[in-house]
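A.B. asks: The structure's right below; bear with me while I get my questions together.
Quick note: the coordinates plus some simple rules give every number you see, no bench work behind them. On a predicted model such as this, the values are computed, not experimentally measured, just so you know. Glycine also receives a Cβ, built like all others from the backbone with ideal geometry; neighbour counts cover every protein chain displayed.
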Amino acid sequence: MSVPIKREGEGTKTVFTLNTGAKMPGVGLGTWQTNYNQTREAVKVALQSGYRHIDTAYEYGNETEVGDGIKASGVPREEIWVTTKLDNPWHKRVEEGLAASLKNLQLDYVDLFLVHWPSSTNPEDSRKHYDDWDFTDTWAEMQKLLESGKVRNIGVSNFVISNMEKLLNDPRTKVVPAVNQIELHPNMPSHKTIEYMKSKNIHCTGYCCLGSTDSPLAKDKTLLKIAEEVGRTPQQVLLQWALARGTSVIPKSVTSSRIKANFELDNWSLTTKQIKALSSIPNRYKVCGQSWLPVKVFFNEEGDAPDNVPSH
């Protein structure tokens with residue numbers, strides 16, 4: 001039985017009730033592009049600083065270090081929300097993919113298991129897509145995991161509206177994804193996608209929520225002006241903006257001071273005017289493209305694709 005998505009709390013206390021009834025912390029730590037020592041220490045520091053949501057993926061190659069960081073933190077497992085993802089070459093081996101991630105993480109279960117990309121890649125040749133299998137087949141297998149007790153919730157990542165419609169209209173789909181994790185920041189706000197997901201009772205988590213090193217956000221005058229107005233860092237402003245939109249965030253950092261600073265979101269907020277200004281930034285920039293995938297997964301459904309997104 002699906003329940004309405006609900007947001008409770010403010011700042012670091014923000015919790016989203018998913019369509020399964022599970023309560024997911026709104027602010028988590030992202031671990032993409034972090035190496036061994038960085039990952040372990042970042043996870044440890046984050047959890048000891050109050051974070052209760054850690055996001056990783058098999059493809060990141062750091063699940064073991066995430067598990068080590070969880071152990072080193074001393075925080076009880078039941079207090080932590082752990083998300084990981086099924087890698088593209090594992091689409092025909094969903095149960096094995098989960099088992100590999102659990103072994104790496106040194107955990108008995110994960111709170112959320114996502115289909116990382118809607119791309120069923122042939123493991124023998126990453127340039128090729130299976131001829132007889134796509135993400136709808138993968139989802140049919142993902143649903144079975146819920147009976148094992150090793151997965152509490154299932155969802156997807158990098159799904160645009162058309163791919164989500166294909167998934168939801170497949171007769172084998174009995175479970176609506178609890179979460180769709182997508183790139184979200186003022187240079188890639190994806191207004192239409194968020195509204196569509198809300199209409200289907202699917203929660204959105206934003207990755208690359210701080211942009212990236214080369215992102216125009218770092219120099220955006222609107223963002224910098226608002227940060228000055230509220231006396232906060234641009235990164236903190238971006239996280240508050242995302243939470244205000246009803247999306248959860250998984251900012252990535254390996255620097256202890258920044259990990260802690262990104263979690264300083266309590267007892268202050270943005271005005272409606274400031275939120276609207278950030279949502280209206282006209283520039284578009286996408287951190288994650290699709291040229292490395294064997295199939296196209298982004299189709300410019302927002303009508304404002306940035307120049308650096310491959311058009312093929």
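A.B. asks: Of all beta bridges DSSP finds with both residues in the range 105-244, what is the antiparallel percent, to the nearest 5? Intermediate values should be presented prior to the final figure.
C.D. replies: On the way: 2 of 13 bridges.
Counting only bridges with both partners in the range 105-244, antiparallel ones make up about 15 percent.
A.B. asks: Identify all aspartates and glutamates with a Cα-Cα distance to residue 144 below 13 Å; exclude those on the same chain that are fewer than 8 residues away in sequence.
C.D. replies: Partners found: 95, 96.
A.B. asks: Roughly how many nanometres apart are two label points built 7 Å out from the Cα toward the Cβ at residue 126 and residue 176?
C.D. replies: About 3.6 nm separates the two model spin labels.
A.B. asks: Okay, which of the range 116-146 sit inside 19 Å, backbone N to the point 7 Å along the Cα-Cβ direction of residue 301?
C.D. replies: 116-120, 134-140
A.B. asks: Which FRET efficiency, nearest 0.05, do residue 267 and residue 168 yield, Cβ-Cβ r, R0 41 Å?
C.D. replies: Numbers: r = 40 Å, r/R0 = 0.96.
After rounding, the FRET efficiency stands at 0.55.
A.B. asks: Once you have a ≥ b ≥ c as the square roots of the Cα gyration tensor eigenvalues for the range 134-248, tell me rounded if a/c is under 1.5, and otherwise prolate or oblate according to whether a/b is larger than b/c. List each step's numbers first, then the result.
C.D. replies: On the way: a/c = 2.87, a/b = 2.41, b/c = 1.19.
Prolate, since a/c reaches 1.5 and a/b exceeds b/c.
A.B. asks: As a quick test, which of the pairs 192/221; 200/276; 92/200; 166/221; 103/174; 23/219 have an alpha carbon distance above 32 angstrom in this structure? Each step should come with its number before you reach the end.
C.D. replies: Numbers: 192/221 25 Å; 200/276 24 Å; 92/200 27 Å; 166/221 39 Å; 103/174 28 Å; 23/219 35 Å.
Exceeds cut-off: 166/221; 23/219.
A.B. asks: Taking a virtual spin label 7 Å from the Cα of residue 229 along the C-beta vector, which residues in the range 268-295 bring their backbone nitrogen under 14 Å of it?
C.D. replies: 269-281
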